[in-house]
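Visitor: Just passing along the structure, written as structure tokens.
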Amino acid sequence: PAWGQALDGAVREAQQVIDVIQTVRTVRGESGVKPRQKIDVTLVATDPALRAAVEAEQPMVVTLGGIGRLDFAADFSEREGYGHGVGHGFEAYLSLAGQIDVAAERTRIGREVEKTEARIRQLSGKLENPAFRDKAPAAVVAKSREELSALQAQLAKLNESLTQLPAG
């Protein structure tokens, strides 16, 4: 029936709005922006329906995302000084200039990088050891490989976060 399709559309739109809010909040958290601090966001939405849904719910998105100003753009080339998040059909760029203590954030991310690199070295050493690979159960070896892969992805994100911090 027609009402079923309308309901499906409404649920899809609501999920898109929730995805935008969650992405903004995740980038805020990863960037060390305090919860009560308002931050400007530029949303690049490739899907016109997503943009319309976010615009329709803009007051809620702004409130729940801790957003000072929400802008929409077809493209966004300025990346330095911005936090970046990607969702289904959109990218969110958060202006970090003046929002965070850059030196403290560099130090915090640097410590995370060091811890992650140390764990990667430890796991790599274990996986390169033939005695471990031959004697450990296959599930343990597979789990170690998965953890290594996840840590490498985390390290890439941390390094990207470092490059996106404003100069200072």
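The values are calculated or read from the model by the stated rules, or taken from the named source; none is laboratory data. Owing to the predicted nature of the structure, the values given are computational and were not obtained by experimental measurement. Reconstructed Cβ throughout: ideal geometry from the backbone, glycine too, with neighbour counts over all protein chains shown. SASA here: full protein model, heavy atoms, side chains in, ligands and nucleic acids out. Shrake-Rupley method; radii C 1.70, N 1.55, O 1.52, S 1.80 Å.
Visitor: Would you mind calculating the relative contact order of the chain from Cα pairs under 8 angstrom and at least 6 residues apart, reporting the percent as a whole number?
Guide: Reported relative contact order: 25 percent.
Visitor: Given R₀ = 22 Å, FRET efficiency for Ala153-Glu80 by Cβ-Cβ distance, to 0.05?
Guide: Given R0 = 22 Å and the Cβ-Cβ separation, E is 0.45.
Visitor: For the chain, what is the accessible area per residue in Å² when the probe is 1.4 Å?
Guide: Per-residue accessible area for the chain comes out at 60 Å².
Visitor: While we're on this one: Can you list residues from other chains, or at least 5 along the same chain, whose modelled amide H is less than 5 Å from the amide H of His84?
Guide: Excluding prolines and chain starts, which carry no amide H, the hits are Leu94.
Visitor: Determine the calculated [θ] at 222 nm for the chain from helices alone, applying -39500 (n - 2.57) to every DSSP H run no shorter than 4 residues and normalising by the residue count; nearest 500 deg cm²/dmol.
Guide: -21500 deg cm²/dmol
Visitor: Could you compute the net charge surrounding Phe132? Neighbours are other residues with a C-beta less than 13 Å from the C-beta of Phe132; K and R count +1, D and E count -1.
Guide: Residues near Phe132 contribute +3 overall.
Visitor: Under the Kirkwood approximation applied to all pairs of distinct alpha-carbon atoms, what is the hydrodynamic radius of the range 11-168 in Å?
Guide: 17.6
Visitor: Give the lysines reachable from Lys157 as a straight Cα distance under 23 Å; neighbours fewer than 8 places away on the same chain don't count.
Guide: Lys34, Lys115, Lys143
Visitor: If you don't mind, another one. Amide H of Gly68 versus every other amide H placed in the peptide plane: which residues, excluding those fewer than 5 positions away on the same chain, fall under 5 Å?
Guide: The list, which skips near neighbours in sequence, is Ile39, Asp40, Val41.
Visitor: Over the range 87-168, what is the mean sequence separation of C-alpha contacts under 8 Å (at least six apart), divided by residue count, expressed as relative contact order in percent?
Guide: 49
Visitor: Let's test the formula: R0 of 25 Å, r as the Cβ-Cβ distance of Thr26 and Asn129. What FRET efficiency results, to the nearest 0.05?
Guide: 0.10
Visitor: Something else now. Please list, or write none, the aspartates and glutamates whose alpha carbon is within less than 17 Å of the alpha carbon of Lys126, excluding same-chain residues fewer than 8 places away.
Guide: Glu117, Asp134, Glu146, Glu147
Visitor: OK, next. For the range 69-113, which whole percent of the accessible surface, found with a 1.4 angstrom probe, sits on carbon and sulfur atoms?
Guide: On the range 69-113, the fraction of accessible area on carbon and sulfur atoms equals 47 percent.
Visitor: A further question follows. I'd like the Karplus ³J(HN,Hα) series for the range 130-139: coefficients 6.51, -1.76, 1.60, θ = phi - 60°, whole numbers in Hz, and an x wherever there's a Gly or Pro.
Guide: x, 5, 5, 4, 7, 9, 6, x, 4, 5
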